[in-house]
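Worksheet: the structure to be examined is printed underneath.
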Amino acid sequence: MSIEGRQLLLMLDEHVAVSGSVLAKRFGVTRAAIWKQIEILRSHGAPIGVLAGKGYVLLSAVELLDARLMAAALPVASAERIPDIDVCWQVDSTSSELARRSLVDSGKPTACFAEIQTYGRGRRGRTWHTTLGGGLAFSIAWTFERSMSTLAGLSLVIGIGVVRALRDLGYSDAGLKWPNDVQVQGRKLAGILVELLGDALGPCRAIVGVGMNLRLGKSADGLIDQAWIDLASIPGVSLPDRNKLAARLLFRLQEAVDQFRDTTFASFASEYAQYDVLGGRPVRVSTARGFQDGVATGVDASGALLVNTKNGEMVVDSGEVSVRMRSEADA
Ligand code: BTN
């Protein structure tokens, strides 16, 4: 019999060590097979400790994702608006998974969560790292009966949905760094990746990926190349249940997308301004041709970033540019 990582993780406890032989008996395998599977879980960041002579223990509680628990945590009236929810144990990337499925599926909104992503992708070719049970990694695919060019503000709209969900749960400092970072205390808490498939003139399929740090653990320091924060380190708010957080995100993202379908980004502009962490700050805009320094002054009606530079106002759309606060760029 082979052991599934998920089943093994479910047998572990935060307070009582479980011995390798008890686990081996439970799964009908050797202790070596248990050890091997524990090492695989640990390599994905699962917080499993080993107590000499006693066995395996969880260093912090792990709540695994469960589509039924998420559905149960949704506001009743919203349940039918929410995408179908699928929880995978392991995929390369939830966004790649939904892109593959989009080739054959019916175009219905679908959400895909994964406990493990082996090739989590960020913007601009970066890797997205998370730890097993210590983050949320999910993507949602929506079909839009309109051209890709009208979806320019979608990444900001999704950011607003994420911030609404976080603020609902008490994270009142959550803000947005254009175009796709959710920040708290100037550090990255979550990232958003929007990819468009289909016909440039419409209809098209938007695959929206969201990665969020819940309790990453020290191992993340060596893996993430920018200042990051996780929900567990934000004082004054207790870490929400993973499934409840996922449900809140699904609800707020669907709400934001519904609002965006009925209107344009302009209807979000004043709310965006409340969450904008760049507004009034010195920034550096880097493009393939070099960089330009200026002061961020907000976004326009399509969601493009406005930067006051010595050469006048620069309108930055989210193509191949990166924007860093000047203090970061100088570091
Ligand atoms: C960024 O900040 O650069 C965007 C990060 C997006 C990460 C999420 S995790 C779920 C989904 N699947 C991926 O491979 N990427 C997105």
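Ala296 satisfies every condition listed in (1) touching a residue at least 60 places away in the same chain (Cβ under 8 Å); (2) open to solvent by 20 Å² or more (accessible area, probe 1.4 Å); (3) more than 24 Å from the chain's Cα centre (by Cα) except (2). Has segment 228-241 got at least one residue that is within 16 Å of the chain's Cα centre (by Cα) and of a type in the set (S, T, N, Q)? No - not one qualifying residue is present in segment 228-241.
Yes or no, residue by residue, for (1) among the β-branched types (Val, Ile, Thr); (2) modelled with pLDDT under 95:
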| position | (1), (2) |
| --- | --- |
| Gly222 | no, yes |
| Gln226 | no, yes |
| Leu231 | no, no |
| Val257 | yes, no |
| Gln274 | no, no |
| Ala288 | no, yes |
| Asp293 | no, yes |
| Arg326 | no, yes |
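In segment 82-93, the residue that is nearest to the ligand (Cβ to nearest atom) out of those that are part of a loop (DSSP other than H, G, I, E, B) and at pLDDT 95 or above is Ser93.
Scanning segment 112-130 for residues that are within 9 Å of the ligand (Cβ to nearest atom) and closer than 23 Å to Ser286 by Cβ yields Arg121, Gly122, Arg123, Arg124, Arg126, Thr127, Trp128. In the set (1) away from the ligand (no atom under 13 Å from the Cβ); (2) over 30 Å from Arg100 (Cβ atoms), the condition left unmet by Arg187 is number (1).
All of Ser238, Ser270 fail the test of being in a helix (DSSP H, G or I), open to solvent by 20 Å² or more (accessible area, probe 1.4 Å) and hydroxyl-bearing (Ser, Thr, Tyr), apart from Ser270. Scan segment 103-111 and give yes if some residue there is touching a residue at least 12 places away in the same chain (Cβ under 8 Å), within 15 Å of Val208 (Cβ to Cβ) and near the ligand (Cβ under 8 Å from one of its atoms), otherwise no. No, segment 103-111 contains no residue that is touching a residue at least 12 places away in the same chain (Cβ under 8 Å), within 15 Å of Val208 (Cβ to Cβ) and near the ligand (Cβ under 8 Å from one of its atoms). Taken over segment 196-218, the criterion of being surrounded by 22 or more Cβ atoms within 10 Å (Cβ to Cβ) and either outside the structural domain of Pro235 (by TED's automatic domain parsing) or part of a loop (DSSP other than H, G, I, E, B) (or both) is satisfied by Leu216 alone.
Among the residues making up segment 193-224, those that are farther than 21 Å from Leu65 by Cβ, within 16 Å of the ligand (Cβ to nearest atom) and touching a residue at least 60 places away in the same chain (Cβ under 8 Å) are Glu195, Leu197, Arg205, Ala206, Leu223, Ile224.
To keep it simple, each residue is scored yes or no on (1) within 14 Å of the chain's Cα centre (by Cα); (2) open to solvent by less than 30 Å² (accessible area, probe 1.4 Å); (3) modelled with pLDDT of 95 or more.
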| site | (1), (2), (3) |
| --- | --- |
| Ser95 | yes, yes, yes |
| Val104 | no, no, no |
| Phe113 | yes, yes, yes |
| Gly120 | yes, yes, yes |
| Gly125 | no, no, no |
| Thr131 | yes, yes, no |
| Gly135 | yes, yes, yes |
| Leu154 | no, yes, yes |
| Leu166 | yes, yes, yes |
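Report whether or not Gly303 is touching a Leu at 6+ places or on another chain (Cβ under 6 Å) and either modelled with pLDDT of 90 or more or assigned to a helix (DSSP H, G or I) (or both). Yes; evaluated as a whole, the condition is true for this residue.
The values are calculated or read from the model by the stated rules, or taken from the named source; none is laboratory data. What you are looking at is a predicted structure, and each value in this text was computed from that prediction instead of being measured. Cβ: placed from backbone, ideal geometry, glycine included. Neighbour counts: every protein chain shown. SASA here: full protein model, heavy atoms, side chains in, ligands and nucleic acids out. Shrake-Rupley method; radii C 1.70, N 1.55, O 1.52, S 1.80 Å.
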